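Report on the structure given below.
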Amino acid sequence: MLEVVSMVSAHIAPERIAGVIEAFGAAVRAGMPERQHVSLLRGDGGLIRIVTVWRSREHLERYLARGDKPFAAELLEAAGGEPVADVLELVMDSKAAWWP
C-alpha cells in the first residue's frame, strides 16, 4: 500500500502568516491521527505550503469523504489565499528501511 503526499499551497499576505502558523500549530497539537506526517512550509513572496504524508490513498479518500473542507485548504482560504492542491504517490523516501 503506497503512501500518498498532498501539497496545498497559496500566497498569503505577510500580515496574515503569523495567524496561519498559530492555527496550524493548534491543529497539530489537537491531533491529526489520519495523517502520518504534516509540515508547514514558508517560501518567498508569501508562499505557504502544507505538505501531508498520508498512510495510504485510502486514508486520504476517507478523510475527504467526510464532506468537510480539507484542513489545509480551509486554513489557507481563511487567511485570504487561493489554495492549489496536488496529490502524489510517495514512491521512495530516504528514510525507507530498504532500497530497490
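The values are calculated or read from the model by the stated rules, or taken from the named source; none is laboratory data. Computed from a prediction, not measured in an experiment: that's the story for all the values here. Cβ coordinates were reconstructed from backbone atoms using ideal geometry, including for glycine residues, and neighbour counts include every protein chain displayed.
Per-residue answers, yes or no, for (1) loosely packed, with under 12 Cβ neighbours inside 10 Å; (2) part of a helix (DSSP H, G or I):
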site: Val28; (1), (2): no, yes
site: Pro33; (1), (2): yes, no
site: Gln36; (1), (2): no, no
site: Leu41; (1), (2): yes, no
site: Ile48; (1), (2): no, no
site: Val51; (1), (2): no, no
site: His59; (1), (2): no, yes
site: Asp68; (1), (2): yes, no
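One line per residue, one yes/no per condition, for (1) within 14 Å of Ala78 (Cβ to Cβ); (2) in contact with a His (Cβ under 6 Å, 6 or more places away or on another chain); (3) of a type outside the set (Val, Ile, Thr):
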position: Pro14; (1), (2), (3): no, no, yes
position: Ala23; (1), (2), (3): yes, no, yes
position: Gly46; (1), (2), (3): no, yes, yes
position: Arg49; (1), (2), (3): no, no, yes
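Could you say which residue among Arg49, Arg62 is in contact with a strand residue (DSSP E or B) (Cβ under 6 Å, 6 or more places away or on another chain) and of a type outside the set (A, V, I, L, M, F, W, C)?
Arg49
For Arg16, are the conditions met, namely being closer than 20 Å to Val87 by Cβ and out of contact with any helix residue (DSSP H, G or I) (no Cβ under 8 Å at 6 or more places or on another chain)?
no
Might you check whether a residue that is closer than 25 Å to Lys95 by Cα, within 14 Å of the chain's Cα centre (by Cα) and modelled with pLDDT under 95 occurs anywhere in segment 39-49?
no
Kindly provide the set of residues from segment 26-44 that are touching a residue at least 12 places away in the same chain (Cβ under 8 Å) and over 15 Å from Ala78 (Cα atoms), ordered by number.
Met32, Glu34, Arg35, Gln36, His37, Val38, Ser39, Leu40, Arg42
I'd like to check something: does segment 76-91 contain any residue that is more than 29 Å from Ala18 (Cβ to Cβ), in a loop (DSSP other than H, G, I, E, B), touching a strand residue (DSSP E or B) at 6+ places or on another chain (Cβ under 8 Å) and without any contact (Cβ under 8 Å) to a residue 60 or more places away in the chain?
No, there is no match, as no residue in segment 76-91 is more than 29 Å from Ala18 (Cβ to Cβ), in a loop (DSSP other than H, G, I, E, B), touching a strand residue (DSSP E or B) at 6+ places or on another chain (Cβ under 8 Å) and without any contact (Cβ under 8 Å) to a residue 60 or more places away in the chain.
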